[in-house]
Amino acid sequence: MKHNLILRVIAKLLIPIIVLYALYVQFHGDFGPGGGFQAGVIFSVAFIFYALVYGIETAERVMPESVLRILASLGVLIYAGTGVATMLLGGNFLDYNVLASNPIAGQHIGILVIELGVGITVSSVMLLIFFIFAGRARQ
Amino acid sequence: MMYTAAALAILITMGLALARALLGPTVYDRILSVNMFGTKTVLLIAVFAFLSGQTDILDIALVYALINFIGVVAVLKLIEQGNFFTSGEKDEREVESE
Amino acid sequence: MIDNLLNITLLAFLAITAFAIIRIRNLFAVIMLFGIYSLLSAGLFVVLDAADVAFTEAAVGAGISTVLMLATLALTKNHEEKPPAHRPWLPMIVVLVTGAALVYGTVDIPSFSDSEAPAHKHVAPRYIEEGFKETGVPNLVTAVLASYRGFDTLGEVTVIFTAGIGVLLLLGRRRGRKRGDEDNNET
Amino acid sequence: MVLDILSWIFLVAGGLLGIIGGIGIHRFPDFFTRLHAAGTTDTLCAALILIGLGLQSGLTLASFKLVLIFAFILFTSPTASHALANAALHGGLEPLLDDAEEEAGS
Amino acid sequence: MIETHTSLLLVVIPLLAAPVTAILPNGRLPWLLTLAVSWLCFVLAIWQFMQVMDGSVISYELGGWEPPWGIEYRIDIVNAFVALIVAGMAAVTLPYALLSVEQEIPKDRISLFYATLLLCLDGLLGIAMTGDVFNLFVFLEISSLSSYTLISMGRQRKALTASYQYLIMGTIGATFLLIGIGLIYSETGSLNMVDLNNRLPAVFEHRTVHTAFAFIVVGVGLKLAMFPLHLWLPNAYTYAPSAVTVFLAATATKVAVYVMLRMVFNVFSTGFAYVTPTDDMFLLLGVFGVVFASISAIGQKDAKRLLAYSSVAQIGYILLGIGFASALGLTAAVVHIFNHALMKAALFMAVGALVYRIGSSHITQIRGLGRQMPWTFGALVIAGLSLIGVPGTAGFISKWYLVLAAIEQQAWVIAIVILAGSLLAVIYIWKLVEALFFQPAIDDTKSVREAPLSLLVPTWILVLANIYFGLNTELTVNAATIAVQVLENIPQ
Amino acid sequence: MTHIISLTITLFLLWLGLSGHFEPLLILIGVASTLLVVFLATRMEVIDHESHPIHLTVRLLSFWGYLAREIVLANIDVIKRILTPGKSISPQMITLPLPQKSDLGRVIYANAITLTPGTVSVQLDRDTITVHALAKETADALATGEMARKVPDDGTAAG
Amino acid sequence: MDFIFGHYNYWIVIILMMAGFYTVISRGNLIKKITGLNIFQTSVFLLYISIGNVEGGTTPIIAEGVEQYSNPLPHVLILTAIVVGVATTALGLALVVRIREEYGTIEEEDIHKQDESL
């Protein structure tokens, strides 16, 4: 295990912080730099770190590949679904103004939701790609 | 002004680290300089945030401070084990590097 | 002043790194230098006031790109690039022609950071002046990204999704097809 | 005013330290010794510069983030250095050692 | 509600269906969903085409932001025409795909495969509909990434290298396009096509705009396999799974041609495009493309590869049409986009049916199969005649207009080249016919039976369409004439 | 359980510190995010006394004070060596005993060694630690074991 | 002189573009090609960001007391382009892995040799 002892302890310490930071970036894209894509990448990096230290199999137990596939699809569906919802509410595709009684609130909700979609897809696809690449060595 | 001085100093350090990365000679020297370069980038961004008065930028420095070393860990893991798959816990053998 | 100095120095570093990446044949070293390249470009984006872009480059460069390239290297095992067998004069000509075209085009491009450039006078002012009022989002990049040009971002997510599916199709777990079995048992 | 002067001192000291560390990674003969030089830049240099910046911003969100940056560097930097040294040793890189006997001779 | 959103639904429906398909269980369900979506798109595309048939324009503001601040979908007859081709080809290809894909793609990848196919369709439709140059780039990448994946799914290992080569060249092309877009943005500050068209004339003299134009032409040229940039195409079409070859051959390059037309005529405008020596360049590349690709086609030993080279030659004809810079020439080009999609899809389908039966399209392997698979063979012959340009087939119409355009400009050399191209086509099609019909079958394939109905029916639909559009030229030529007016900015 | 609670609180405070926006919606999102992180961390099994040494808080603080002084001194030493012309270093590789009983203690010790320039911990074994030192003097100073005694150690959890 | 310095960013961008482009089309190593592609793309990102920069401007995040913002539109475009770049890289690397599994090499030359010998 050698150097992994230090890595393991540091990983335990850092991973929750990285994940929280990813979520912070996700939800503060409105105010500062950041947003769904960046958050998604950071989120997946936290898991990659986990997988590096504790092994891919452990990481896959926490986040199975099948779940990741569904999440990846889900993100796209959330985004496109928001567009469809605005269409059903009488606006144009992705016209968030119709989502709430006043345009600003509508925009706010719309942006929050689609950024969430972006974050979910990006994080799960990135992680999926990493798992596939790293797990390839087994075969 | 003081930020300028600090920024300049960091730039010079970055240049020195870059030179080491280019010269090598071993792959470890390069990793070392990349790591050092990462820290310097964090500092440069932090200084620039104050220089231009936009403290929002600190988030970027923060993200580098958090995840830059994961790249280094990945390199080392690869050099030691030759793949990402092995969990390392039970692994004692060393795959020759490079 | 210092902005320009930072800009110039970082760009110079970037050019040096790029040439080193071309010249060095050890792929490990190339990937390491690529990390530096990414750090430098993120730094430059910060200096050029593109915080969001820098953020993305930071997350991607430090997190994903390096790890993916390393993972590929681990699977391919060839860590040393072969020297080219002959002098590649045709690529050289193509590149020089491209470069010449770009230089030709750059002559008339508005000066760097000229606030009177047409790029800043037509569509962009509306985003800057009305963006906050119309979307309630202070980060104008997010406002444009998610609202004004939200459809592009939908496309962007789809691109990522496509890449994910593509990688799954290519490298997914169970091997569906067997072609030659020569080098499949690498562990 | 006092704060400004303090900031100046910290920032300049940090910057100088960084440059010296940078020189160190060129002056020292092998990887392991360079590791020490890089260590100086990672720790005290970062600390001084971040403190210098922190003094300017006072008790704000920015300072909090500076503290976080510092804390993360403090955690990650030695971990990376250690991992690197460990990998180098196992990768077959022989440290250039200076044994006591030889030292007497040189 | 549907009327206002038709154009958008064309893009959004495949986009929504793709992630759903990706998580469906393998089996026939993904195919069924994809089929339904493609037919739905076809119906929508027809509807949309009817709406703009008279030359009117549909504008759709995405996100409710008026252009140029938001992204606009702007459908005139050109977009609708291309969208119709794409959706129509998808609708015909999918019934064909069922068996072919089941045979060529591993069972556990079926749902992912169809999801990728849907994404590719979505990307192509997105390119066809958008009125924003950057949005075009994004959808171009969706279609490109999915086609790289689709091509790599071929059974031979060369599919992988073909796909990689395409990825590299395609990405270079896309990056060139991106550089071009960046440069015109720096000169005008806009990304909306109509807006650009209004603002660009003021800066036509700027060298930056010239460079931007060159980069866009080269970038799109890479995507449409314009003559010296075609190197990726033969490999990609040869080694891709049959259904993918059919779909891509019928749509991908056509959409790229559309982008070229749009960029050259509607973003820059006729005025700009022909001040520069572009028209001569297109003519030159067209001539070289026709001659060299046709000759290369003759030398091929693989039926799919032969047809792939023939595609490069056909793109040469389209470039000639563009290069003439006349209404007649453009009409020929637009008609040929449509006709070539019909005949090349039919040909690839026929060859795909052979591959389905014997697992190869090599010319020594398919010998004598014409007698055992008469329907497949018949389809191949008729579509081949159309490719040559025999009167009574669709191919004749576009060649006819092309020759007329050449004569109009008294470009005798080019007229001769066009006829020579047809003669070369006779040779390579004859090569196939000879192998299939006049040579004895090899022992392994003695017992091969006719291709299954689900492969034959789509093939024959396209073959009949070839004949129909060869006899009834009203629809295509009328549409093309109006389209040319739109492209040349002639007020109606 | 106490670790989970304390982690939750720490993370939430971190969120507030990062965020700087105190609108109800964002606070709510913050709570949700924190809970999500805790959930994931539980699934990953990374919450325990090692990652979250609440029981060592006081001793850690005093150790950090000591460490800060050491780092400054060590830095000055290394700087001198860099700037001294000629041969100023005498690299050493020494193996020291590892008195800490817990993994956490060992990690803190190893990292503290690395953090002070002039010494880098190269390998961590069960009972010993191998250190590369820049000079004989630094190695000797470390060998006195002063730092090892100051490291806060969780005596109960044997590694 | 003014002209040279006024376009400094663009000159470097052109050099980077040429460097990246050259790597892509002249090198035979498949991974190296992808690195070249990345450099090429990054140079385009820099082109856009340079276009978007405004003298004395700040990051386009609305803040008190700031009058001049940089142009946000190029930033948005490049965010999308970066994502596209990552996606392409991932797919390209996946292809490289598959090619290596089938051919046992990642050098273009060797692959051609194997293809021809068949």
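The values are calculated or read from the model by the stated rules, or taken from the named source; none is laboratory data. Bear in mind that the values here come from a model prediction, so they are computed numbers and not experimental data. FYI the Cβ positions are ideal-geometry reconstructions off the backbone, even for glycines, and counts take in every protein chain you see. All accessible areas refer to the heavy atoms of the entire protein, side chains included, with ligands and DNA or RNA removed. Shrake-Rupley method; radii C 1.70, N 1.55, O 1.52, S 1.80 Å.
Residue count for segment B:56-70 satisfying the condition of being open to solvent by 10 Å² or more (accessible area, probe 1.4 Å) and farther than 14 Å from A:Gly34 by Cβ: 1.
You will find that of F:Val107, F:Val120, the residue that is modelled with pLDDT of 80 or more, in contact with a strand residue (DSSP E or B) (Cβ under 7 Å, 6 or more places away or on another chain) and of a type in the set (A, V, I, L, M, F, W, C) is F:Val120 and no other. Being at pLDDT 85 or above and either of a type outside the set (Phe, Trp, Tyr) or open to solvent by 10 Å² or more (accessible area, probe 1.4 Å) (or both) is the requirement here; does F:Val58 meet it? Answer is no for this residue.
Within segment E:145-181, the set of residues being crowded, with 24+ Cβ neighbours inside 10 Å and without any contact (Cβ under 8 Å) to a residue 40 or more places away in the chain comprises E:Leu145, E:Ser146, E:Tyr148, E:Thr149, E:Ser152, E:Leu160, E:Tyr164, E:Leu167, E:Thr171, E:Gly180. The residue of segment G:39-50 that is farthest from the other protein chains (Cβ to nearest Cβ), among those that are hydrophobic (A, V, I, L, M, F, W, C) and within 19 Å of C:Thr142 (Cα to Cα), is G:Phe45.
Filtering segment F:79-86 for residues that are of a type in the set (S, T, N, Q), open to solvent by 20 Å² or more (accessible area, probe 1.4 Å) and farther than 25 Å from D:Phe70 by Cα leaves a non-empty set.
Rundown of residues vs (1) farther than 30 Å from E:Trp31 by Cβ; (2) surrounded by fewer than 24 Cβ atoms within 10 Å (Cβ to Cβ); (3) under 16 Å from the mean Cα position of the chain (by Cα), yes/no style:
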{"site": "E:Arg207", "(1), (2), (3)": "yes, yes, no"}
{"site": "E:Ala212", "(1), (2), (3)": "yes, no, no"}
{"site": "E:Phe215", "(1), (2), (3)": "yes, no, no"}
{"site": "E:Gly219", "(1), (2), (3)": "yes, no, no"}
{"site": "E:Ala243", "(1), (2), (3)": "no, no, yes"}
{"site": "E:Ala249", "(1), (2), (3)": "no, no, yes"}
{"site": "E:Val257", "(1), (2), (3)": "no, no, yes"}
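In the set (1) at pLDDT below 90; (2) at the interface with chain E (Cβ under 10 Å from one of its Cβ atoms); (3) within 24 Å of E:Met169 (Cα to Cα), C:Arg87 fails one condition alone, (2).
Candidates C:Leu96, C:Leu154, C:Leu68, C:Leu145: the one that is within 11 Å of chain E (Cβ to nearest Cβ) and either open to solvent by less than 20 Å² (accessible area, probe 1.4 Å) or among the hydrophobic types (A, V, I, L, M, F, W, C) (or both) is C:Leu154. For segment B:10-29: of the residues being open to solvent by less than 10 Å² (accessible area, probe 1.4 Å) and small (Gly, Ala, Ser), which is farthest from C:Gly43 (Cα to Cα)? Only one residue tops the list, namely B:Gly24. Under the condition of being more than 7 Å from every other protein chain (Cβ to nearest Cβ), under 20 Å from F:Leu60 (Cβ atoms) and not aliphatic (A, V, I, L, M), the residues counted in segment D:70-94 number 1.
All conditions in (1) within 23 Å of F:Ala135 (Cβ to Cβ); (2) buried (at least 24 other Cβ atoms within 10 Å of the Cβ); (3) among the β-branched types (Val, Ile, Thr) hold for D:Ile73, with the sole exception of (1). Every test in (1) open to solvent by 10 Å² or more (accessible area, probe 1.4 Å); (2) within 22 Å of E:Ala303 (Cα to Cα); (3) at pLDDT 90 or above; (4) in contact with a Leu (Cβ under 9 Å, 6 or more places away or on another chain) is passed by E:Phe227 save one, and that test is (3).
C:Pro110 falls short on exactly one of the conditions (1) closer than 30 Å to B:Gly53 by Cα; (2) outside any helix (DSSP H, G or I); (3) in contact with a strand residue (DSSP E or B) (Cβ under 9 Å, 6 or more places away or on another chain), and that condition is (3). The combined condition, being in the same structural domain as F:Ala141 (by TED's automatic domain parsing), within 21 Å of the chain's Cα centre (by Cα) and either small (Gly, Ala, Ser) or modelled with pLDDT under 85 (or both), is not fulfilled by F:Lys87.
Against the test of being more than 10 Å from chain A (Cβ to nearest Cβ), open to solvent by less than 60 Å² (accessible area, probe 1.4 Å) and either within 22 Å of A:Arg8 (Cβ to Cβ) or polar (S, T, N, Q) (or both), the options F:Leu96, F:Leu124, F:Leu104, F:Leu134 yield a single qualifying residue, F:Leu96. Checked against the criterion of being touching a Ser or Thr at 6+ places or on another chain (Cβ under 9 Å), more than 7 Å from every other protein chain (Cβ to nearest Cβ) and buried (at least 22 other Cβ atoms within 10 Å of the Cβ), the candidates A:Gly36, A:Gly75 yield just one match: A:Gly36. Of the residues making up segment E:392-403, at least one is open to solvent by 70 Å² or more (accessible area, probe 1.4 Å) and assigned to a helix (DSSP H, G or I).
Only a single item in (1) surrounded by fewer than 24 Cβ atoms within 10 Å (Cβ to Cβ); (2) of a type in the set (A, V, I, L, M, F, W, C); (3) more than 7 Å from every other protein chain (Cβ to nearest Cβ) is not met by B:Leu51, and it is number (3). Is it fair to say G:Glu101 is facing chain C (nearest Cβ under 7 Å), assigned to a helix (DSSP H, G or I), surrounded by fewer than 24 Cβ atoms within 10 Å (Cβ to Cβ) and in contact with an Asp or Glu (Cβ under 7 Å, 6 or more places away or on another chain)? So G:Glu101 passes the test. At least 1 residues being in contact (Cβ under 8 Å) with a residue 24 or more places away in the chain and in contact with a helix residue (DSSP H, G or I) (Cβ under 9 Å, 6 or more places away or on another chain) is the threshold, and among the helices (runs of 4 or more DSSP H) wholly inside chain D those reaching it are D:2-27, D:31-40, D:46-57, D:61-90.
Okay, residues lined up against (1) at the interface with chain C (Cβ under 8 Å from one of its Cβ atoms); (2) open to solvent by 10 Å² or more (accessible area, probe 1.4 Å); (3) in contact with a Gly (Cβ under 9 Å, 6 or more places away or on another chain):
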residue: G:Ile15; (1), (2), (3): yes, yes, yes
residue: G:Ile25; (1), (2), (3): yes, yes, yes
residue: G:Thr35; (1), (2), (3): yes, no, yes
residue: G:Gly52; (1), (2), (3): yes, no, no
residue: G:Pro60; (1), (2), (3): yes, no, yes
residue: G:Pro72; (1), (2), (3): yes, no, yes
residue: G:His75; (1), (2), (3): yes, no, yes
residue: G:Ile78; (1), (2), (3): yes, no, yes
residue: G:Ala81; (1), (2), (3): no, no, no
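Within segment C:38-49, is even one residue over 28 Å from A:Ala51 (Cβ atoms), within 14 Å of chain A (Cβ to nearest Cβ), buried (at least 24 other Cβ atoms within 10 Å of the Cβ) and aromatic (Phe, Trp, Tyr)? Within segment C:38-49, one or more residues are over 28 Å from A:Ala51 (Cβ atoms), within 14 Å of chain A (Cβ to nearest Cβ), buried (at least 24 other Cβ atoms within 10 Å of the Cβ) and aromatic (Phe, Trp, Tyr).
Per the conditions (1) within 23 Å of F:Leu16 (Cβ to Cβ); (2) open to solvent by 20 Å² or more (accessible area, probe 1.4 Å); (3) within 9 Å of chain B (Cβ to nearest Cβ), the sole criterion not satisfied by D:Val67 is (3). Name the single residue, out of those in segment F:99-128 being assigned to a helix (DSSP H, G or I) and of a type in the set (Ser, Thr, Tyr), that is nearest to F:Ile89 (Cα to Cα). Checked segment F:99-128; the qualifying residue nearest to F:Ile89 (Cα to Cα) is F:Thr114.
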